[in-house]
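Structure record follows, encoded as structure tokens.
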Amino acid sequence: DTGNGEQLYECPMCSLTCTNIQILQEHVDLHLEEHNFSEGGNIRDLELAQRLQTEEDEWQRSEEEKREREEFKKLQRQYGLDNSGGFKQQFLKNMEREVDRGRMQPFEYHKRKADMMESLASGIDDGKTKTSGVIEALCKYYQNENKDVRRVWLSAGVDHFHSSLGDRGWGCGYRNFQMLLSSLLQNSFYNDCLRDTTLIPSIPKIQSMIEDAWREGFDPHGASHFNNKLHGSKAWIGACEIYSLLTSLRIKCQIIDFHKPTGPMGTHPRLFEWILHYYSTDTEGGAKVVCTSKPPIYLQHQGHSRTIVGIEEKKNKSLCLLLFDPGCSSQQMQKLLKQNSDGTGLKLLRKFVGSLKEKQYQIVAVDGVLSSEEKAARCHASQVLTSEKIP
């Protein structure tokens, strides 16, 4: 009451005073409409936010699946499992490219194609990437070296093989097997094991030999990774495939897994010590140059493999591996046959402890011949475990 008889009405929601009950009613109705609109708006906003979040989640899942598919295809390409053909197809394709660029004459193309087809038909490597006599040249060099090498141990004779137009980018494992086999074929101790393999096989033939080992039952887990098929592909192989192949030939070998660094700055001194022990065992006397009867060692790390053909012990007691790399060309390796007295060409082979800093290394070392019973036992064991761990 205003005191002059006029009735006032107060809004219960905002304390506004009105002089008319109908005006107050309309005012309160507006409040209620705004409230309902606001509540409805909140619901609609929540629904919209949820829908947008769902769409975002679905998009992210789709993108993740797309990335995974692309990554898988990339890995298939990288490891030669993309059905893009094998040695023969890559060889022909690269030769055609050489002709197109004027680096190869058509008559040379046809000659090399014919040679390649003959090699594939026979299963024998054509020897065009081979360099022989390097170990013998090294032996002569070290006899006269008097600067910083205290002692050196060398493998039995090894031929070097490098990648060709047909296997460039993926063939290192096969080329290292050829190197190892070239040494075993020169050692009469392995004649019985290798009576069916008297010449160095071509890469497609090696692929078929590994498939044969799988069919015998070696490494079913590894075989499944390749869908039990290597021939006609550009598939990379590693230590397990080399182990399976050698063991199927009754060649006694072992995989040693150096699964983490054992020295400062990510180095692997225990790898070097193991190799020194491998070469120096059974050697008598203190000769500076020890030309052993030991086969070379297959060395694997992520993305590449090489062949260890010896080890130096320096006068300061440090160790240095001597490696044959399939990535080195015949022209580079030929220089080692005419080794200068200063030994500069040896930079191609030498790897010090600080040079090998991959996270993990595996080696395959040959150490004898298996009986048929021992082969069968190793075949069974390979189905469970083929790698000895070095702590």
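Size of the stretch 111-162: Rg and Dmax of its alpha carbons, in Å, are 17.1, 50. The portion of the accessible surface of the chain made up by carbon and sulfur, rounded to a whole percent, is 50 (1.4 Å probe; DNA, RNA and ligands excluded). I want the local charge near residue 379. Using Cβ-Cβ distances under 14 Å, sum +1 for each Lys or Arg and -1 for each Asp or Glu among the other residues. Counting the neighbours of residue 379, the net charge comes to 0. In the stretch 129-194, taking the dipole from charged Cβ atoms about the Cα centre, the farthest positive-side position among 142, 185, 161 is held by 142. The alpha carbon centroids of the stretch 289-326 and the stretch 181-256 are separated by 22 Å.
When the chain is treated as a GNM with alpha-carbon contacts under 10 Å, the residue of 228, 146, 20 showing the greatest mean-square fluctuation is 20. Return one whole number: the accessible area per residue of the chain in Å², for a 1.4 Å probe. Solvent-accessible surface per residue comes out at 55 Å². To the nearest 500 deg cm²/dmol, what mean residue ellipticity at 222 nm is calculated for the chain from DSSP H runs of n ≥ 4 alone, each contributing -39,500 (n - 2.57), summed and divided by the residues? Here the helix-only value at 222 nm equals -15000 deg cm²/dmol. For the chain, a simple Cβ point-charge model (Lys and Arg +1, Asp and Glu -1, everything else neutral) yields a dipole of about 4140 debye relative to the Cα centre. When the Gaussian network model of the chain links Cα atoms closer than 10 Å, the mean-square fluctuations of 320, 18, 253 top out at 18. Whole-Hz Karplus values for the stretch 270-282 come out as 5, 4, 5, 5, 5, 5, 4, 5, 4, 7, 8, 5, 6 Hz, taken residue by residue from phi with 6.51 cos²θ - 1.76 cosθ + 1.60 and θ = phi - 60°; glycine and proline positions read x. Taking the alpha carbon gyration tensor of the stretch 131-211, multiplying each eigenvalue by 5 and rooting it gives semi-axes of 29, 17, 9 Å, largest first. Sorting the segments 178-186, 125-133, 350-358 by their residues' average number of neighbouring beta-carbon atoms within 10 angstrom, most packed first, yields 178-186, 125-133, 350-358.
The accessible area of residue 252, taken with all protein chains in place and a 1.4 Å probe, comes to roughly 70 Å².
Treating each Cα of the stretch 251-391 as one equal point scatterer and applying the Debye formula with no solvent, the log10 of I(q)/I(0) at q = 0.17 Å⁻¹ comes out as -1.09. Across 95, 117, the residue with the most accessible area heads the list, and the full order at a 1.4 Å probe is 117, 95. The coefficient of translational diffusion for the stretch 103-258, derived via Stokes-Einstein from the alpha carbon Kirkwood radius under 20 °C and 1.002 mPa s, stands at 123 µm²/s.
Scaled against the 2.2 N^0.38 Å expected of a compact globular protein of N residues, the Cα radius of gyration of the stretch 181-305 reads 1.23. The GNM of the chain, with springs linking C-alpha atoms under 10 angstrom apart, assigns the highest mean-square fluctuation among 160, 225, 27 to 27.
Anything over 22 Å Cα to Cα? Flag those among 140/338; 130/205; 128/338, in the order listed. None, as every Cα separation is 22 Å or less.
The values are calculated or read from the model by the stated rules, or taken from the named source; none is laboratory data. From a predicted model like this one, the values you see are computed outputs, not experimental measurements. Positions of Cβ are generated from backbone atoms using ideal geometry, with glycine treated the same way; all protein chains shown enter the neighbour counts. Ligands, DNA and RNA are excluded from the accessible area calculation, which covers all protein heavy atoms including side chains. Shrake-Rupley method; radii C 1.70, N 1.55, O 1.52, S 1.80 Å.
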